[in-house]
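Quick note: the coordinates plus some simple rules give every number you see, no bench work behind them. Quantities reported herein were computed from a predicted structural model and do not represent experimental measurements. Cβ coordinates were reconstructed from backbone atoms using ideal geometry, including for glycine residues, and neighbour counts include every protein chain displayed.
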Amino acid sequence: MGPIGSQPEPLGPPRTLMCSHGALVLTMRITTVDVVGRAIPFDGAFPMSYEDHAASDHVFVRIGTDAGRVGYGEGTALPWFTGETTAGMVEVIERWITPSVEGRPVHEAMAALAAFDESFPNAPGATTAVDLALLDLEGKRLGTPVADLLGPTVRDSVPLVFVIPALNPADAVERAAAGVESGFRRFKIKADGDVGGDVERINAVLDVLPDDGTLRVDANTGWRDVATARRAVAGLDSTERIEYLEQPTAADRPEAMRDLWTETGVRVFADESVHGPGDLERLGERGLVAGCHLKLAKTGSLRGLRHLATVARRHGLSTSPVSAFGTSLEAAANLHLAATLTGMSAGCELCMNLVAEDVAEPAFDFEPVVDVPTDPGLGVGLPDSLFE
């Protein structure tokens, strides 16, 4: 496979137009694409139903232009979802995507990337990194935040969810108590598939939440079938403060989620069962779930994720934007998305507090509510030292 699309025209000087916000760049061509892969350790153990993970795999992109503007992007590998690795994401960008976008105006590069994604759909982490960098550039070219490129905005700040791994009950309670002390009221707990241990952990965390606190439970398919999931729910001291169950059963048997929802009265959201609009259309048309998670690491582009949210809304489904262990750069992209969502759940999961090092600049403070960036582009970048 070679570069996608026709060859770009020869480079010319960027054209600009003066406006009230300064120089508006009319044309801006890509001159350089720098990429680096990096594994960032978790800030402590992160057990879940798949396996224990010690680090998160990332690819970072810096795209330069003839106008002097620079765009930044980040992609995260979720090998249990997509099979991607850090080395694989770097190779895809360097070998296939870079030749397709270099020398092109930003809008043409976006079209070339979309064509690549359509012909090679199994590299969402790699395409996400380049997609975010191009959107960052487009926002900077127009002098507007990325949220305005996605659609009308409905909020300028976003409530966050405090995520707790599948730790032993005492450690899980310690994490939850720290979140409560910091002002969080929306929590998520991982389950690891051991129903007895999961129930003990969930009940212990529920005990330390304030009266207005809620908890979403993520089994990552670990409860497998309705009977097992029903047994887990039956063991809970109360379900009143359970916001929803996230993918409690096997991804290839979505009817089980509807059955569990019907039998227990606890809402169920899909994650592993959704990789694109077609999956969500089928779930929505059949009324199998109450909502779904939105992850760049599975979808491959922020605009594609926005389209997925539109499909969800058409079927009356709620959505939860999730940054899959990304830094503040990926978190910023999710904040811009969340700013446009009319059917968002109680909170957005931005997990930059779970990684030991947040390399983005500026890094967000992990707080119960975070403002959507208002600077042009994503509003968050990367240090040059990362690419040296």
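A few points about this structure:
- Cross-link partners for LYS295 among the lysines, with Cα-Cα distance under 23 Å and sequence neighbours closer than 8 places in the same chain left out: LYS188, LYS190.
- From least to most packed, judged by other beta carbons within 10 angstrom and beginning with the fewest, THR327, THR85 follow the order THR85, THR327.
- Over segment 148-387, Cα pairs under 8 Å with separation of 6+ residues give a relative contact order of 20 percent.
- Whether the chain is rounded, prolate or oblate, judged on the alpha carbon gyration tensor where a/c under 1.5 counts as rounded: prolate
- Dipole of segment 240-388, positive direction: furthest Cα of PRO277, SER323, SER385, with charges on the beta-carbon: PRO277
- In Hz, Karplus ³J(HN,Hα) per residue of segment 288-298 (6.51, -1.76, 1.60; θ = phi - 60°; x = Gly, Pro): 7, 9, 8, x, 8, 8, 10, 10, 4, 4, 9
- Compactness of segment 99-215 is given as radius of gyration and Dmax, 21.3, 58 Å, from Cα positions.
- Helix 106-119 axis, angle to the chain major axis (alpha carbon atoms, nearest 10°): 50 degrees
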